[in-house]
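Participant: Mind looking over this structure? Questions follow.
The values are calculated or read from the model by the stated rules, or taken from the named source; none is laboratory data. All figures in this text were calculated on a predicted structure; none of them were measured in a lab. Cβ placement follows ideal geometry from the backbone for every residue including glycine, while neighbour counts extend to all protein chains displayed.
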Amino acid sequence: MSAIRSNIPKLYLFSGSYMLLILLPIFIPYVIDKGLSMEQVFQLQAAFAVSVLVFEVPSGYLADIWGRRRCLILGGLLNGLGYTFLFWGESYWDFMAYEVLLGAAASMYSGADVALLYDSLDSLGASESQKRRSVGNILASRSVAEAIAAVLSSILLWLGTQFTVVAAQFAVGWAPLLIALSLKELEIERPPHLGHFNNFKAVARTIFLESKMLRAIALTMTVWGMSTFFAVWLFQKYWQEQGIPLVYFGWLWAFYNLSVAISSKFAHLLEDRLGPALLVLLMGGLPIAGYLSMAFFSGWLGVCAGLLFQLARGIHQVTLKDAFNKRIASHLRATSNSVISFGFRGAFFVTGPAVGWSVDVYGLQMTLYILAGVFSLLALVIILPFAKLLWTAPSHPAQIDSK
């Protein structure tokens, strides 16, 4: 039992370790110095997205039939190999291999870490509030780790060179594998031997047909997640247009990620205070207010408005992920999480370039107004019906019977 209990803090460490993205604040200058063009830089990011899409659902299914721990170990190995290519990388194809391996590693983590967390909590007889706090903690650990990495990147760059940062990234890149090896696998119910296709049909039927509430949660997780994710990729462009010195970017990135961690940590308390319906309305309104505020205000006031997205991210990640996983049988949980992640990444892969095109053609300010309008319309067909459904439910979404 103590080995199972130790899974909880180890999973927090695991989730934080693969978000120690020390190189991220200077990745583009680093590869450009290696001779890559900006076109090639974007090709690398496309390769990462495609890698995640290709491996996303199969990795979740693999975690359900092969085991969560083994999937996390494989992800840790791929992560370390990816950073090895980065460490020795000198050419376009070296960096391409790095991106593809990291995309595959991210897919192995997706769903498996949260599924193992829930398996461990179920085995320990944890209460519903404890489970919600644990989801908040695992998400907060990622944001805290990313914030620490952003600050560390600036410090290492100040003390050494770009290669100093790369060497540090290579070292911490193997940490997920070491932590995964120490985890305890639990005996869980495996998917029935109905064949791969029939098992995927069971997941699709569970998510989209059997429960109106689950269907609403899944749709909100997929679509509304993009409302904050678009903003994440616009922040640095916005800071640049506001005249914020580059030296402050790492610190701003760290502060933004810490705000997500704080929001994640206390999301369950806010849900208890407001109730699920009001919380969903708040979560839906924050990104819209963020886009409007960033477009209307300038300077540091506009930069501060970006925190509205981070608060929404923390609420979204904890409450919806908790509500979703409560409705999924253990033997389908990892696959179901990967299906949601696949839908989100696929939607972003299709719509993300359109946002970038809008910035190039219409400018950042107009794009912010456009995004505010688009998500206002989407709120009418996604957020409001979801909130109305919650008004009729007896308690918060993690405790509502699946109907």
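Participant: Name the residues in region 11-20 that are buried (at least 20 other Cβ atoms within 10 Å of the Cβ) and part of a helix (DSSP H, G or I), would you?
Facilitator: Within region 11-20, 11, 12, 14, 15, 16, 17 qualify.
Participant: Determine which member of the set 186, 194 is assigned to a loop (DSSP other than H, G, I, E, B) and modelled with pLDDT of 70 or more.
Facilitator: Numbers: 194 fails: modelled with pLDDT of 70 or more.
Selected residue: 186, the only one of 186, 194 that is assigned to a loop (DSSP other than H, G, I, E, B) and modelled with pLDDT of 70 or more.
Participant: Given the residues 174, 224, which is the only one that is over 30 Å from residue 367 (Cβ atoms), at pLDDT 80 or above and aromatic (Phe, Trp, Tyr)? Give the derivation first.
Facilitator: On the way: 224 fails: over 30 Å from residue 367 (Cβ atoms).
From the options 174, 224, the qualifying one is 174.
Participant: Here's a follow-up. If you go through region 200-241, how many residues are assigned to a loop (DSSP other than H, G, I, E, B) and surrounded by fewer than 16 Cβ atoms within 10 Å (Cβ to Cβ)?
Facilitator: Of the residues in that region, 3 qualify.
Participant: Can you spot a residue in region 117-130 that is closer than 23 Å to residue 173 by Cβ, buried (at least 17 other Cβ atoms within 10 Å of the Cβ), at pLDDT below 85 and under 20 Å from the mean Cα position of the chain (by Cα)?
Facilitator: Within region 117-130, one or more residues are closer than 23 Å to residue 173 by Cβ, buried (at least 17 other Cβ atoms within 10 Å of the Cβ), at pLDDT below 85 and under 20 Å from the mean Cα position of the chain (by Cα).
Participant: Evaluate the following for residue 102: is it assigned to a helix (DSSP H, G or I), crowded, with 22+ Cβ neighbours inside 10 Å and either under 17 Å from the mean Cα position of the chain (by Cα) or not polar (S, T, N, Q) (or both)?
Facilitator: The answer is yes for residue 102.
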